[in-house]
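Have a look at the structure below, then the notes.
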Amino acid sequence: MARSREEILKEVQQVLVDALGVDDDEITTDATLMGDLGAESIDFLDIVFRLEKAFAIKIPREELFPAESLMNNPNFISNGKLTKSGLEELRNKMPHTDISKFQNDPDINKLGDLFTVNAIVNYLEKKLNAA
Amino acid sequence: MRWIWIDKFIEFQSGDHAVAVKNVTLAEEHLHDHFPGFPIMPECLLIEAMAQTAGILVGEAKNFKEKVILAKIKKCVFFDYVKPGDSIKIHAKIESIAPEAASTSGKITCEDKLIAQIELMFSHIDQNLAGKQFPKENFVFTDMFRSLLRGMVLTRPDCDTPKSEQP
């Protein structure tokens, strides 16, 4: 069932309010889950479970938040930064994320900044409206 | 699990839900101080009872192969006190389970009274924490707790439970 972007955003905001205990006015589209909303690693799994329920879909591991496979592959990381092939992999794995700023300084410590509310909405919009 | 805080299971549906019972007694010394003249079961120990009930349910769903650790208290609401002499029922249900984690919901009741609603997240720690290594043996599900499940779970052929415990 196709859903409008506004509907998806509203549902995502509710999921994040419940999962992270934040106020809904904190959940702006460009808020980062870790930096702005205080998410920790287990919260990402909680968010995935809640999104699956809220939208009645399956979200495969590593599809929405694919950091782990990047971090564990030495070809993708050099001196704490993503390599060219690492960036390429990131682009393929996270088409729902805007990496234009990140690629200027692909420090892996800033990888968390890519996980924004907007990225979740983009991902869901594509996923829900693909069928 | 280094200590057992529930008395027995009265329902156990593998991978779905379980109900455990705990009997509360004034012989539990912490009740003398919590509070003097007004003994009530501390809420954190109600959460522990749910963590054990739901944790065993989650562990059994993966044949006790995973080290299941309480990772997050998602929600916790308390409606009433639990006093010495009460027999509480802990109802746990698996909401979602994935290779790396599980989420559960549940309630605690005393007779017909709702005591608490508790939602938890468990981590399968070998699958998480960026590949950090943990001891090979499963220090979560030791032999100690298995008596709780005697007669409740149909032991599967590939399960670690000793044959003598099969129902």
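If I ask for residues that are surrounded by 11 or more Cβ atoms within 10 Å (Cβ to Cβ) and part of a helix (DSSP H, G or I), which ones from segment A:51-74 would you list?
First pass over segment A:51-74, keeping only residues surrounded by 11 or more Cβ atoms within 10 Å (Cβ to Cβ): A:51-55, A:57, A:59, A:61-73.
Selection gives A:LEU51, A:GLU52, A:LYS53, A:ALA54, A:PHE55, A:ALA67, A:GLU68, A:SER69, A:LEU70, A:MET71.
For segment B:130-167, a residue qualifies if it is closer than 30 Å to A:MET71 by Cβ and at pLDDT below 75, and the qualifying residues are B:ALA130, B:GLY131, B:LYS132, B:GLN133. Checked against (1) within 14 Å of chain A (Cβ to nearest Cβ); (2) assigned to a helix (DSSP H, G or I); (3) modelled with pLDDT of 95 or more, B:LEU120 passes all but a single condition, namely (2). If I go through segment B:43-83 residue by residue, how many of them are surrounded by fewer than 21 Cβ atoms within 10 Å (Cβ to Cβ) and part of a helix (DSSP H, G or I)? Number of matching residues: 6. The listed residues are A:ALA67, A:ALA31, and the only one of them that is small (Gly, Ala, Ser) and under 22 Å from B:ALA71 (Cα atoms) turns out to be A:ALA67.
Could you check how many residues of segment A:91-105 are in contact (Cβ under 8 Å) with a residue 24 or more places away in the chain, under 25 Å from A:ILE47 (Cα atoms) and either more than 15 Å from the chain's Cα centre (by Cα) or part of a helix (DSSP H, G or I) (or both)?
Taking segment A:91-105 first, the residues in contact (Cβ under 8 Å) with a residue 24 or more places away in the chain are A:93-97, A:105.
From what is left, the residues that are under 25 Å from A:ILE47 (Cα atoms) are A:93-97.
So of that shortlist, the ones also either more than 15 Å from the chain's Cα centre (by Cα) or part of a helix (DSSP H, G or I) (or both) come out as A:93.
Result for segment A:91-105: 1.
Taking segment A:16-36 as the range and being exposed (fewer than 13 other Cβ atoms within 10 Å of the Cβ) and among the charged types (D, E, K, R) as the test, the residues that pass are A:ASP23, A:ASP24, A:ASP25, A:ASP30.
In this entry, A:LYS81 is excluded by the filter for residues that are basic (Lys, Arg), under 13 Å from the mean Cα position of the chain (by Cα), surrounded by 12 or more Cβ atoms within 10 Å (Cβ to Cβ) and not assigned by TED's automatic domain parsing to the domain that holds A:GLU6.
The values are calculated or read from the model by the stated rules, or taken from the named source; none is laboratory data. The model shown is predicted, which means the values in this text are computed figures rather than measured ones. Every residue, glycine among them, receives a Cβ derived from its backbone with ideal geometry; neighbour counts consider all protein chains shown.
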